[in-house]
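Before any comments, here is the structure.
The values are calculated or read from the model by the stated rules, or taken from the named source; none is laboratory data. If you're wondering where the values come from, they're calculated on a predicted model, not measured in any experiment. Please note: Cβ atoms are built from the backbone with ideal geometry, for glycine as well, and neighbour counts cover all protein chains shown. Note: accessible area is taken over every heavy atom of the protein model, side chains too, but ligands, DNA and RNA are not part of it. Shrake-Rupley method; radii C 1.70, N 1.55, O 1.52, S 1.80 Å.
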Amino acid sequence: MNPVDPKAVLVTGGAGYIGSHTVKALALAGYDVCVFDNLLAGHREAVERIARAVPARSITLVEGDILDRARVVQALRESRAQAVLHFAALLSVGESVAEPAKYYETNVIGGLTVLSAMAEAGVSRFVFSSTAATFGEPLVTPIDESHPQLPVNPYGETKLVIERALRSLDAATGLRHIVFRYFNAAGADPEGHLGEDHTPEIHLIPRAILAALTGEPLQIFGDDYATPDGMCIRDFVHVTDLAAAHVAGLQRLEAGRPSASYNLGMGAGVSVRDVVSAVERVTGRPVPHTVAARRAGDPSRLVATSSCARTELGWTPRYGDLDTIVSTALAWHQAHPQGYGSPE
Ligand code: UFG
C-alpha cells in the first residue's frame, strides 16, 4: 500500500488568478501542492513565486491540460493528493456568449474529466470553483445558497452542470465536495507576490486602474439598467479572502463533514460608478470613461449573502473594503506593469 501524505493536494488552474492565491494560502496552511495547469492563461512565474515565498512546502507544477485524463491521473498518483481544488476553466462571460462550445468543452468536459480521473486515482474530496453567474438574474437580493439557479449565459450554465454532477456523484459514489460561488473576485496578494494578470484583461477594477494611469478611457457597459445609477451592481470580494475560504472548505471535508455549497461575497452592492469613484480616490487621478452598449450576458445586480460560509466555515474576510481591494490591485499593477512578465 502506498503511504499517503494527508497534506498533499492537487490544484488545477493553480497558476491562474484565484488559483494561485489559493495555492499560497494552502502552502501557508501546511499543504504540499501540485499545481496542474496548461499555462494558457496561468503563469509559471506565479507558482515559482509561491515556492520562493513558502520554502517549507513542496510546490510543484505539472504542465498539462484537464482534458488529458491520463495526465491528471498520473499527477494525482505522483503527488499523492488527497483532494483536488478545481479552478481550471474559461471565465469570460462575454466570450462564453460568443463561443459557447469552447466553454462546454473546457468547463464541462474538462471538469468531468478531472472527476473521472479522481475516481480512478481514488481521490474523493473536491473543492469546486463555481460562480455567481449560476444564479442569473436575481429573484431576490442578496442571493443566498437556496436562490434558484437560472444562469443567463453559457459560462454560468457550464459551471452549473458541474455543480449538478457533483450532487449526483456524491449520492452515487460518496464524492465529498465543497462548491464556492464567487461573486466578483478582485484585488491582489497584500504581500505583493501575486496579482491579476489576464490577457486580455476584461475585469472592471484592473481596467479602471489602467484608465486612471494611462488616460485611455474605460468603457462602461450600459447605464440604462434598472439600478439607482443605471449601472450594473456587483459584490467585490478580495481574492485573498476567497483563498482563505478554500482552505477552510478543504478542512471541513477533512473533518468528515458532508458536502456543501457556499456563496462568497461581501454582501455590499457596488455599482460600476462606485468602482470608478473608488479608483479615483485611491489613485488620486480621474478615471476617464465613456458609456458603451450593454455587454451581452451581464446580469444587472449580483450581491451575495455569505452567512453560511461565515457560520459553517468560520470565514472572516479581512480585505473586503472596496478601497482596500482597489489599493492592493493598484499596488500590484504599479509594481508589475507587465504583469508576471515584469522584472522583479
Ligand atoms: N464592466 C464595464 N467595463 C469594463 C469591464 C466591466 O463596464 O471594461 C462592467 C461589466 O459590464 C459588469 C461589471 O463591470 O457590469 C463587472 O464586470 P467584470 O467583467 O469585472 O465582472 P463580471 O461581473 O462580468 O464577472 C465576474 C467574473 C465571472 C463571474 C461573475 C459573477 O469574471 O467569472 O463575476 O459575478 F461569473
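Take Ala117 and decide whether it is open to solvent by less than 60 Å² (accessible area, probe 1.4 Å), in contact with a strand residue (DSSP E or B) (Cβ under 7 Å, 6 or more places away or on another chain) and away from the ligand (no atom under 15 Å from the Cβ). Here the answer is no, as Ala117 does not meet what is asked.
Would you confirm, using the coordinates I've provided, whether Val140 is not small (Gly, Ala, Ser) and not in a loop (DSSP other than H, G, I, E, B)? Outline the logic, then answer.
On the way: not small (Gly, Ala, Ser): yes; not in a loop (DSSP other than H, G, I, E, B): no.
Criteria not met by Val140.
Table: residues versus (1) part of a loop (DSSP other than H, G, I, E, B); (2) under 22 Å from Ile202 (Cβ atoms).
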| residue | (1), (2) |
| --- | --- |
| Leu253 | no, no |
| Arg257 | yes, no |
| Ser261 | no, no |
| Arg273 | no, yes |
| Val276 | no, yes |
| Glu280 | no, yes |
| Thr290 | no, yes |
| Ala296 | yes, yes |
| Pro299 | yes, yes |
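Let's see how each residue does on (1) within 20 Å of the chain's Cα centre (by Cα); (2) within 20 Å of Ser130 (Cβ to Cβ); (3) open to solvent by less than 20 Å² (accessible area, probe 1.4 Å):
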residue: Val9; (1), (2), (3): yes, yes, yes
residue: Leu39; (1), (2), (3): yes, no, no
residue: Ile50; (1), (2), (3): yes, no, yes
residue: Gln82; (1), (2), (3): no, no, no
residue: Thr106; (1), (2), (3): yes, yes, no
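Taking the criterion of being within 12 Å of the ligand (Cβ to nearest atom), among the hydrophobic types (A, V, I, L, M, F, W, C) and either in contact with a strand residue (DSSP E or B) (Cβ under 7 Å, 6 or more places away or on another chain) or open to solvent by 10 Å² or more (accessible area, probe 1.4 Å) (or both), the residues of segment 185-231 that qualify are Ala185, Ala186, Ile202, Leu204, Ile205, Ala208, Leu210, Ala211, Leu218, Ile220, Phe221, Met231. Report yes if some residue within segment 94-102 is more than 26 Å from Val239 (Cβ to Cβ) and buried (at least 19 other Cβ atoms within 10 Å of the Cβ); otherwise report no. Looking through segment 94-102, none of the residues is more than 26 Å from Val239 (Cβ to Cβ) and buried (at least 19 other Cβ atoms within 10 Å of the Cβ). Among the residues of segment 76-105, those that are touching a Ser or Thr at 6+ places or on another chain (Cβ under 9 Å), of a type in the set (Gly, Ala, Ser) and under 29 Å from Glu254 (Cβ atoms) comprise Ser79, Ala83, Ala88, Ala89. Is it the case that Ser146 is more than 9 Å from the ligand (Cβ to nearest atom), open to solvent by 20 Å² or more (accessible area, probe 1.4 Å) and either not hydroxyl-bearing (Ser, Thr, Tyr) or not in a helix (DSSP H, G or I) (or both)? Spelling it out, Ser146 is indeed more than 9 Å from the ligand (Cβ to nearest atom), open to solvent by 20 Å² or more (accessible area, probe 1.4 Å) and either not hydroxyl-bearing (Ser, Thr, Tyr) or not in a helix (DSSP H, G or I) (or both). Only one entry in Leu264, Leu253 is surrounded by 21 or more Cβ atoms within 10 Å (Cβ to Cβ) and in contact (Cβ under 8 Å) with a residue 60 or more places away in the chain, namely Leu264.
Out of (1) in contact with a helix residue (DSSP H, G or I) (Cβ under 6 Å, 6 or more places away or on another chain); (2) farther than 21 Å from Thr240 by Cβ, the odd one out for Ala29 is which? In the conditions (1) in contact with a helix residue (DSSP H, G or I) (Cβ under 6 Å, 6 or more places away or on another chain); (2) farther than 21 Å from Thr240 by Cβ, Ala29 misses (2) alone.
Taken as a whole, segment 322-341 holds no residue that is under 20 Å from Met231 (Cβ atoms), charged (D, E, K, R) and open to solvent by 50 Å² or more (accessible area, probe 1.4 Å). Could you list, in sequence order, all residues of segment 81-99 that are more than 10 Å from the ligand (Cβ to nearest atom) and either at pLDDT below 95 or of a type in the set (A, V, I, L, M, F, W, C) (or both)? Matches in segment 81-99: Ala81, Ala83, Val84, Leu85, Phe87, Ala88, Glu95, Val97, Ala98. Checking the structure you have, find out if any residue of segment 270-286 is within 15 Å of the ligand (Cβ to nearest atom), among the charged types (D, E, K, R) and closer than 24 Å to Glu95 by Cβ. Checked segment 270-286: no residue is within 15 Å of the ligand (Cβ to nearest atom), among the charged types (D, E, K, R) and closer than 24 Å to Glu95 by Cβ.
Can you find even one residue in segment 305-322 that is within 12 Å of the ligand (Cβ to nearest atom) and more than 21 Å from Gly249 (Cβ to Cβ)? Within segment 305-322, none of the residues are within 12 Å of the ligand (Cβ to nearest atom) and more than 21 Å from Gly249 (Cβ to Cβ).
Looking across segment 169-228, just one residue is within 19 Å of His86 (Cα to Cα), of a type in the set (Ser, Thr, Tyr) and either without any contact (Cβ under 8 Å) to a residue 40 or more places away in the chain or not in a strand (DSSP E or B) (or both), and that is Thr173.
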